[in-house]
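Okay, so here's the structure we're looking at.
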Amino acid sequence: MKEDYVVCRCEEITLQEIKSAIKQGAITLDEIKKYTRAGMGLCQGRICSTIIIEILKEHGYLPQYSAPPHSRIPVRPVKIWEYIGEDQDV
Amino acid sequence: MYKRFADAIIIGGGVTGTAITYYLSKTGIQPILIEESNLNAGASGACDEGIVLQSKHTGIMLDMVLKSAKLYKTLEDELNYPIGYRNVGGMIIINEEKYIPVIETFIKKQQQQGLNIHMLHPSDIHKQQPGLSKKVVASAFSKDDCNVYPFKLTLGYVEAAKRLGAKVLLHNRVNNITINKNTLGDKRRELRITTNEHEILTPIVVDATGCGSRQIGKMLGLEIPVFPSRGQIVITEQIPPLIKHQIMDAKFIVAKHKPQLVEKNNALSNLNVGLTIGQAETGNTLIGGCREQVGYNTSTSFSTIREIVKNAADFFPFMKDVSIIRSFAGLRPTTPDNLPILSQTPIPRFYIASGLGGDGLSLSPIVGKIMADLIMKGNCNIVDISQLSLDRFFNIG
């Protein structure tokens, strides 16, 4: 993979940025997220987390360190009017 | 086990611990920051971006935040790091006529203490912040409120401290702190910290672990009254820049001063939900907030999130069509009198900087400076910290 490969498409975070976070001491998915914003976007890491886990493995950080970050509400993006159960004014 | 020495040890890699590490490094010593997992693992990584001056009580809290805001103005240049500082200004919005006199009295006292704040003319409110519901009948405005990105702030402090000779040990859990009896007459060996990787001898230890403070204190037989208070926050998708200011619902302030005015029998008040909303540079909006006494539980709940977003849609009707993408919760380290502990302790050269509640980010640089003064000079001329001492909780009669 080239250094400018976009690992997290939502936040446009490149491989180089992931590697530099690892260098600074981030060794889990959650830590990579806090250092780089990878996984903070619309898809919440659904696409990039598998790639980041592979990059972490390459650097010697095994998947057991990379237990997924907390699962939290919402499961996928949801409009506020849907969430509060209100009919939308049209 | 690696054995080493340090000029000072700071425990806790949040916005408080990293600030102390930086300001201590600036005095010429070379401290070590120890963090159990990684930077921003606790409350500093589960907060919004607001540095809100106008929510602070007059007295020491407003005094500290005014001085903190002044430091923030030049911090980005000083650290030579992009910490996402933006002077966005802030509003305290009022949707009930009966709250107006309470807020007016509150801000009059703040003005006397030097805060740049005024009530907006009713016809200006919706120009100042388009999109606000017509239910908002009055609003205070302070141009001094600002935003900073906490994840970059801690990195900025850490990188600057490292350039001055500080060291950072991530993924080091403090297992034990003891008073070393065998110092060979050398003060630099007085305290011993054992982590899963290191044994470090040092003359100075600072506990900046937020909700971890009680546990750290116990290692030295100290009772540190800091308890978790959960705040849940919702993040929305990125939208165009529509929320111009850091915004807070007046109910938060009224509830403190005239609790009898705030309805107590609805779901909102039971959860202490009052709107806080701000928009990050990325376009995401961060919506809070609440305070819940649920121990060390950091999960989020469907019902509280529902009240939070309902409140947001109430004040900003256009928000109904915005998607939420994530929720999270942080434990605000809270003391019995809601004031921080910035203090010496009965153990010589063991210090505490904790109990900052929801104000850790707002006060970060000033807390760093205060602690560096207290540690290096033995006292602090910046503010009168005697009211923030640990022994205030144990002076009976």
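Things worth noting here:
- The orientation-averaged projected area of the convex hull spanned by the Cα atoms of chain B comes to 19.8 nm².
- Note: relative contact order over chain A, using C-alpha pairs below 8 Å and six or more positions apart, is 24 percent.
- Positive contributions from Lys and Arg (+1) and negative ones from Asp and Glu (-1), summed over other residues with Cβ under 15 Å from the Cβ of B:LEU79, come out at +2.
- Rounded to the nearest 20, the size of the Cβ-charge dipole of the range B:151-229 about its Cα centre is 140 debye, with Lys and Arg at +1 and Asp and Glu at -1.
- For peptide B:293-304, the mean count of partner chain Cβ atoms within 10 Å of a residue's Cβ comes to 1.
- Placing unit charges on each Cβ (+1 for Lys and Arg, -1 for Asp and Glu) gives the range B:41-126 a dipole about its Cα centre, and among B:ALA46, B:PRO82, B:HIS118 the Cα reaching farthest toward its positive end belongs to B:HIS118.
- Heavy-atom surface of the range B:250-355, accessible at 1.4 Å and reported per residue (Å²): 38
- Cβ-based charge dipole, the protein assembly as shown, positive-most Cα from B:PHE316, B:THR334, B:LEU390: B:LEU390
- Antiparallel bridge percentage (DSSP; both residues within the protein assembly as shown; nearest 5): 70
- For the range B:27-67, residues shielded by at least 20 square angstrom of accessible area compared with the chain on its own, probe 1.4 Å: B:ASN38, B:LEU39
- Take chain B and mark each of the chymotrypsin sites (Phe, Trp or Tyr not before Pro) that is in a DSSP loop with at most 16 other Cβ atoms within 10 Å; the longest unmarked stretch, sites excluded, is B:1-295.
- Here the contact order of the range B:1-86, divided by its residue count and restricted to Cα pairs under 8 Å and six or more residues apart, works out to 22 percent.
- Applying a DSSP loop filter and a limit of 11 other Cβ atoms within 10 Å to the trypsin sites (Lys or Arg not before Pro) in the range B:174-231 leaves B:LYS181.
- Contact order relative to length of the range B:87-167, as percent, for alpha carbon pairs under 8 angstrom and 6 or more apart: 45
- With a 10 Å cut-off around each Cβ of B:314-327, the average count of Cβ atoms from other chains is 5.
- Spatial separation of Cα centroids for the range B:108-134 and the range B:305-320, in angstrom: 21
- Nonlocal amide H pairs with B:TYR351, under 5 Å, H built at 1.01 Å: B:VAL205, B:VAL206, B:ASP207
- Carbon plus sulfur fraction of accessible area for the protein assembly as shown, probe 1.4 Å, in percent: 52
- Calculated mean residue ellipticity, 222 nm, the protein assembly as shown: -9000 deg cm²/dmol, from DSSP H runs (n ≥ 4) at -39500 (n - 2.57) each, averaged per residue and rounded to 500.
- Chain-alone versus full-assembly comparison, the range A:30-60, residues with accessible loss of at least 30 Å² (1.4 Å probe): A:GLU31, A:LYS34, A:TYR35, A:ARG37, A:MET40, A:LEU42, A:GLN44
- When you filter the GluC sites (Glu not before Pro) in the range A:1-59 for DSSP loop state and at most 16 other Cβ atoms inside 10 Å of their Cβ, you are left with A:GLU3, A:GLU12.
- Database remark: amide H of A:ILE13 closer than 5 angstrom to the amide H of A:VAL7, A:CYS8 (H placed geometrically; neighbours at sequence offset of 5 or more, or on other chains; Pro and chain starts carry no H).
- Of the GluC sites (Glu not before Pro) in the range B:268-357, not one is in a loop by DSSP (not H, G, I, E or B) with at most 11 other beta carbons within 10 Å.
- Rolling a 1.4 Å probe over the heavy atoms of the protein chains gives the range B:19-89 an accessible area of 34 Å² per residue.
- Buried surface between chains A and B: roughly 3000 Å² of accessible area, summed over both sides, computed with a 1.4 Å probe on protein heavy atoms only.
- About the centre of its Cα atoms, the protein assembly as shown shows a dipole size close to 820 debye [charges on the beta carbon of Lys, Arg (+1) and Asp, Glu (-1) only; nearest 20 debye].
The values are calculated or read from the model by the stated rules, or taken from the named source; none is laboratory data. Bear in mind that the values here come from a model prediction, so they are computed numbers and not experimental data. In this analysis, Cβ positions are derived from the backbone assuming ideal geometry, glycine residues included, and neighbour counts consider all displayed protein chains. Side chains are part of the model used for accessible areas, which takes the heavy atoms of the whole protein and leaves out ligands, DNA and RNA. Shrake-Rupley method; radii C 1.70, N 1.55, O 1.52, S 1.80 Å.
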